[in-house]
Every structure is written in structure tokens, then in C-alpha cells.
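In what follows, a single structure is set out as C-alpha cells and then discussed.
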Amino acid sequence: MSQRQVYTDLVPTFPDPETWTLDQVLRHHASVRPDAVCLDAPVEEARWTYAQALASAERIAGTWLTAGGSPGDRVAIMAMNSSQLVRSWWGAAVGNLVEVPINTNYEGEFLRHQLNVVDARFAVIDDVFAPRFVAIAKHVRGIERFWVIDSGTGNRNAAIDLLRSNGWDAAPWEELEDGPVLDMVPPRAQDLGAIFFTSGTTGPSKGVSMPHSQLYFFAQEVVCLTRLTPEDTYLTTTPLFHGNAQFMAVYPVIIAGGRAVIRPKFSASRWIDHVRDSGVTVTNFVGVMMDFAWKQPPRENDRDNVLRAVYAAPTASTIVEQFKERYGIEAFVDAFGLTETCAPILSPYGVPRPAGAAGLAASKWFDIRLVDPETDREVPVGQVGELVVRPVQPWTCSNGYYGMPEKTLEAWRNLWFHTGDALRQDEDGWYYFVDRYKDALRRRGENISSYEIEAAVMGHPAVAECAVVGVPADVEAGEDEVLAVVVLTEAAAPAEILSWCEGRIPAFAIPRYLRVVDELPKTPSQKIRKAVLRAEALGPDTFDRLAVSVS
């Protein structure tokens, strides 16, 4: 039997763990490379050097602190990708306030729940989202003041007036940068830096409390995965309210002293043009992005770029070699982890890996095991088990779920974090993701809560019961399409039931498929047997709303 391999490339850029804060990183680079560009927003035709970025962050922090904010206060940020979002995040980090990114698709109960959990004091929002806050105003009176970003739709003044007429203080975002530069106590590595929400797998979404040290370490992993240096330019087009864009794209290149390029959204047809135009050396794909880019018509100048590495989660193994050849890319890398734990499994740069393998264990930094989910006892190599994790270095995993101590204890059973994910390891040390033990779904790069979809569908007067499961998408790395299986009390058209979901859950979470049944398969304890529904998947009686819309 061969000795199992481990990941050995994880060496921190900043060796002292006490300096693992964005505040320290920005101050270091503003000192040693003040005139180097760190943030590039091509759509805004604007750039910021490290010195300018730090000055902006200090002034924003000064505004919040003089407005009555204190270290540890939460700042909700609900905005599309923009430099204002990034600079607000950096201002919170420098001022030792806690950033809370909110998914821009959220409204109604989704939005109310997250704002109530974190009890945000301040909010930074795009103008177009003001009506969503007004719609739940009586539930979120803890927010004292809004700073409103001009989204380019001409709505900013109206949004500010709307917020003010509903009892809030509100101002243009630019006033954030008018604050004084204060003599602030720097955040410590162990202080709470951000709260990123999970998708709410089996209940309402949970806020993952991430200390500054964990945010740094997650980003540091990507620095090592992609071998970032000050000469690199990293493009991200995925939403900055997700960790895959924020602490796995922008933050890593800032640690390295390079340049972060942000764009509002991904365009498959223009992806390689954006790479070329900005001199991008590293970028990331999530979900179907890699497949969509691959399916674009080949061009003679596809290889006319300086792109050398792509972090793809997951990597579409059947096309990866052709993709590298077509675009002249040196390496694809991947990793497996969670917001709660960073990534304990990483793929070495430039090393061939077996098809489907996520990577090797970063055993110097994490203890990981695959265990029987019922007994927590380790399974033999080659068998499928639940991934459980614990950190070796302090403050590199989440502090728990914000305001939910019971959920924190449940997840950390037997002093191991239980991921709910089924993996297996081969004799050489490579780990492979197999399935989810929990009822989470993922569609087009978005994590989806089956629980919250079921609650929305159940709100329809004709629906007695509902179970939501994922069925395979029709593109590689497309993850899941959403199927709702319902029991009705009275006749109702499938299209009507799915239309009911509009405005109640995010558009990406609305089921594509719906099937009506007489009863749901259940265990003796009356739990729904979702494995049976997944096995039955789609049949001739399944309604497909996309097929209807196309026809």
C-alpha cells in the first residue's frame, strides 16, 4: 500500500498569526507598495492604489465610529458587485465593525430573518433594494442609518427619500468617505470580522461567525492554491456577498500584494475578453461557469491572454485538459471546505489528480476524518463517511453560529465540526465528494435551502404537503435543479403554485420542476423519505416550467 499524500504547499504569507487581519494586510502593503493598484473596477473606469484603499477604509471607519458605532457592531451590506461594496467591507474591517453580506436576491422572510439574527446597526445598500427594507420595516428598526449606493438606475434620490419617510436616517454612499481618520484600536486576529449566512439546510439560515484570523486563513489558502504574487491580477465576477468572491478571490490577491479586478457579473461570451482586457493571470469559476465558458464558439485568439491559473469549484474533469489547451492555462486547482471550517482539502498546483478528486488533506493545519454519521466512528479508507473537521491553528475555524448556541453545539458534536457531507478517500490520499447527507441543494453557484422552499410552497392554499429535492442538472458541474413534490387539498395548476413562490423566495430557488402525488413516501416516524423522491426523479407527469416558458 502506498503512503497517503497530504497537501504541503500551505505556507502563510504573513507568518505571525497575530497579524492575520485585513487591517494589518492593508497597512503593510500601503507601506511597502503604496502606489501599486489593489482594486480595479473596469465598469466604473476606476482604480485604487493600496495607499488610497487604506485611506478610504480609515475614513469610512471614522464615519461609522463618529456616528455612534462601536467595535463589534454589525454592518449589513446588500449590494451588487461594486467598488463601494468592497470599500465598505474594508472600512468595517479597519474600524473593527462586523461585516454582514446579504444576498441581493433576498427579500421578505429571508431578509427579515438574517437582519434580525445579526441585529445590524448600520446598512449599506444599493438604491434598488430600499423598498425591500421598507416592506419589513417594523421588523428591522434596529438599523439606525443607511448609506445608499447609486446603482445607475436613477433611483438613488427616491430611495433615500423612501427610507427617510419610513423613519430612517439615510445618506448617499459618498458621505461614508467624508469621515475623520481616527486613532483606532486595531482589531485582533480573534475578533469577529464577518458573519456569512449559510443556506439554511434543515431550518432557517445560520450566520457563521468568522473571526478576522479565519477570514485571513481562508484567503491564504487560495494564495497558496493559485501561487499568487504581487505580479498577479485576479478577476472575480461572482457575487461579493458570497465567500467565493470575497475571501476566496479579492482578499487572497490583496494578501499577495497584487491587483483585484471586480466585475458586476459573469458573461460566458465575454469572459475571455474580460480576462484579456485586464491582463488577468488568475480567476475563479463556480458551478456551471466553466461549462458555459467552454461551450462558447472557439476563437483564433483564445490563447491570446496571460491567464495561468483557474480556481474552479468544482473542476469539470471531463473538459479540463481541453480547456487548458484552448486558453493556454497552466493549472486548474480545486478545494473542498465550508464557510465554517475554511478548506481542509486542497489540490496541489500543477499536480495531476484523479478524475473527480477534490484534493489532499492539509494535515498540518486541520485534523480531518471520515466517520459513520450515526456513530462518529472513523470508517476504513475507501468507504464513504461524513467529513468532520477541527483546526490545529487557533481561530482558523468559525466561532459558531451567531445567536444560535444550540446549533453551534449540534454542529460541533464530540468536539469535531460535522459538515454533513459524504466523502471518500483513496489509498493515495485523494478525497472525493460523493453526496450531501443533509438536504441542501446547489443551483448555478447558489446554495439553496430545501426547508425554506418547502415553507414557501406550503403557503399556497391548495398545498397540504411539500418535499423539495435536487435532481441532476443537464450540464456538467451544473449541480442541482430543484424539484418540488406536493400533495394537494384541491386542484391547482403547477404553474400557479410556482408563480406563488415569486417574491416569497429568491428567483434562483424557485423550483424548475413540480410533481403532484397522492402522498409522500415516509418512514414509520413520519419523516419524508427524500431518497425515494430523488430515485424517482422526473417522470412523464412532472411539470417543467422552463419547457413551458420556451414553448
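The values are calculated or read from the model by the stated rules, or taken from the named source; none is laboratory data. Please read these numbers as outputs of a predicted model, since none were measured by experiment. Counting neighbours? That spans all protein chains shown, and the Cβs are built from the backbone with ideal geometry, glycine included.
Do you know which residues across the range 224-244 are assigned to a helix (DSSP H, G or I) and at pLDDT below 95?
243, 244 - these are the residues of the range 224-244 that are assigned to a helix (DSSP H, G or I) and at pLDDT below 95.
Consider residue 20 against the criteria (1) touching a Ser or Thr at 6+ places or on another chain (Cβ under 8 Å); (2) more than 26 Å from residue 61 (Cβ to Cβ): it satisfies all of them except one. Which criterion is unmet?
All conditions are met except number (2).
When you scan the range 138-154, do you find a residue that is part of a helix (DSSP H, G or I) and either in contact with a strand residue (DSSP E or B) (Cβ under 8 Å, 6 or more places away or on another chain) or within 24 Å of residue 245 (Cα to Cα) (or both), even just one?
No: the range 138-154 contains no residue that is part of a helix (DSSP H, G or I) and either in contact with a strand residue (DSSP E or B) (Cβ under 8 Å, 6 or more places away or on another chain) or within 24 Å of residue 245 (Cα to Cα) (or both).
Which condition number does residue 195 fail, the rest of (1) touching a helix residue (DSSP H, G or I) at 6+ places or on another chain (Cβ under 7 Å); (2) in a helix (DSSP H, G or I); (3) of a type in the set (A, V, I, L, M) being met?
Answer for residue 195: the failing condition is (2).
Quick one: in the range 532-551, which of the residues that are at pLDDT 85 or above and part of a loop (DSSP other than H, G, I, E, B) is surrounded by the fewest Cβ atoms within 10 Å (Cβ to Cβ)?
That would be 540.
Okay, residues lined up against (1) buried (at least 16 other Cβ atoms within 10 Å of the Cβ); (2) part of a loop (DSSP other than H, G, I, E, B); (3) not aliphatic (A, V, I, L, M):
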| site | (1), (2), (3) |
| --- | --- |
| 129 | yes, no, yes |
| 164 | no, no, yes |
| 181 | no, yes, no |
| 215 | yes, no, no |
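What is the number of the single condition among (1) surrounded by fewer than 24 Cβ atoms within 10 Å (Cβ to Cβ); (2) at pLDDT below 95; (3) β-branched (Val, Ile, Thr); (4) within 19 Å of residue 104 (Cα to Cα) that residue 288 does not meet?
Here residue 288 meets the rest and fails (4).
For every residue, the table says whether it meets (1) assigned to a loop (DSSP other than H, G, I, E, B); (2) small (Gly, Ala, Ser); (3) in the same structural domain as residue 228 (by TED's automatic domain parsing).
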| residue | (1), (2), (3) |
| --- | --- |
| 260 | no, yes, yes |
| 266 | yes, no, yes |
| 269 | yes, yes, yes |
| 272 | no, no, yes |
| 275 | no, no, yes |
| 279 | yes, yes, yes |
| 284 | no, no, yes |
| 292 | no, no, yes |
